[in-house]
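Worksheet: the structure to be examined is printed underneath.
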Amino acid sequence: MPGLGGNGPGARLTFYWGPMDCGKSTLALQMHHNHGRQGRRGLVLTRNDRSLGPKVTTRIGLAQDAIEVTDDLNLWDLAYGKVDYLICDEACFYTVDHVEQLADLVDRAGVDVFAFGLASDFRSRLFPASQRLFELADEVHRLQVEVLCWCGRRGHLNARIVDGQIARAGEQVVIGDTASHAEVRYQVLCRRHHRSGTLD
């Protein structure tokens, strides 16, 4: 049974990825706006947004209330028969089971899923959910808004900075932002400077 006005067999699972500051959350909100204007019913989901609340927020000031994806939230039960599409921000922090549920919603319920997230963590290792999205997605798009390392090269790795030094160990997910005064912050670096630990 397809979702409300869903695309049936034409529904797709699409993963948009890139480093911090490349516009993932901004694109997610723009896509939600565009689909809503065409009368499609959708939900906006997130996990571990920088606001620490059930919102999608952007560094350029846009924000939207969202449903917080918790470990025990079943996305199939949430969306089946109720929506045409899902906007899944911070999808890198979802569980692998959530990604499987998203694929089921596309294949069995005709729900379009648009997932947005980082590919890799502060150690440059793939997040498990991102790896599964790369494996299952019908389409994968690296966002083209260029983010630069301090040296001017293209930045594509997210470094965790603690007490002015790049962290090489610790929990995979620690919420932080890019503000220079934060106790834990993140900075986009090129591969050379992520590997060398050089911050300026």
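Would you be able to say whether some residue in segment 55-63 is buried (at least 19 other Cβ atoms within 10 Å of the Cβ) and assigned to a helix (DSSP H, G or I)?
no
Taking segment 64-105 as the region of interest, how many residues are open to solvent by less than 40 Å² (accessible area, probe 1.4 Å), among the aliphatic types (A, V, I, L, M) and in a strand (DSSP E or B)?
Selection size over segment 64-105: 2.
If a residue has to be open to solvent by 70 Å² or more (accessible area, probe 1.4 Å), in contact with a strand residue (DSSP E or B) (Cβ under 9 Å, 6 or more places away or on another chain) and more than 21 Å from ALA109 (Cβ to Cβ) to count, how many in segment 34-54 make the cut?
Of the residues in segment 34-54, 1 are open to solvent by 70 Å² or more (accessible area, probe 1.4 Å), in contact with a strand residue (DSSP E or B) (Cβ under 9 Å, 6 or more places away or on another chain) and more than 21 Å from ALA109 (Cβ to Cβ).
Here are ALA167, ALA159, ALA137: which of them is under 24 Å from GLN30 (Cα atoms), surrounded by 15 or more Cβ atoms within 10 Å (Cβ to Cβ) and not polar (S, T, N, Q)?
Only one candidate passes the filter, namely ALA137.
Can you tell which of PHE114, PHE122 is closer than 30 Å to ARG153 by Cβ and at pLDDT 95 or above?
Answer to the selection: PHE114.
Is it the case that segment 24-42 has a residue that's closer than 21 Å to PHE122 by Cα and at pLDDT below 95?
Yes, there is a match, as at least one residue in segment 24-42 is closer than 21 Å to PHE122 by Cα and at pLDDT below 95.
What strands (runs of 3 or more DSSP E) lie completely within segment 110-197 and have 1 or more residues being aliphatic (A, V, I, L, M) and free of Cβ contacts under 8 Å to residues at least 60 places away in the same chain?
157-162, 184-189
Looking only at segment 1-23, which residues are within 23 Å of GLU90 (Cβ to Cβ), of a type in the set (Gly, Ala, Ser) and either at pLDDT 80 or above or touching a His at 6+ places or on another chain (Cβ under 6 Å) (or both)?
ALA11, GLY18, GLY23
The values are calculated or read from the model by the stated rules, or taken from the named source; none is laboratory data. Because the structure is a prediction, the values reported are computed rather than measured. Reconstructed Cβ throughout: ideal geometry from the backbone, glycine too, with neighbour counts over all protein chains shown. What goes into the accessible areas is simple: the full protein's heavy atoms, side chains included, and nothing from ligands, DNA or RNA. Shrake-Rupley method; radii C 1.70, N 1.55, O 1.52, S 1.80 Å.
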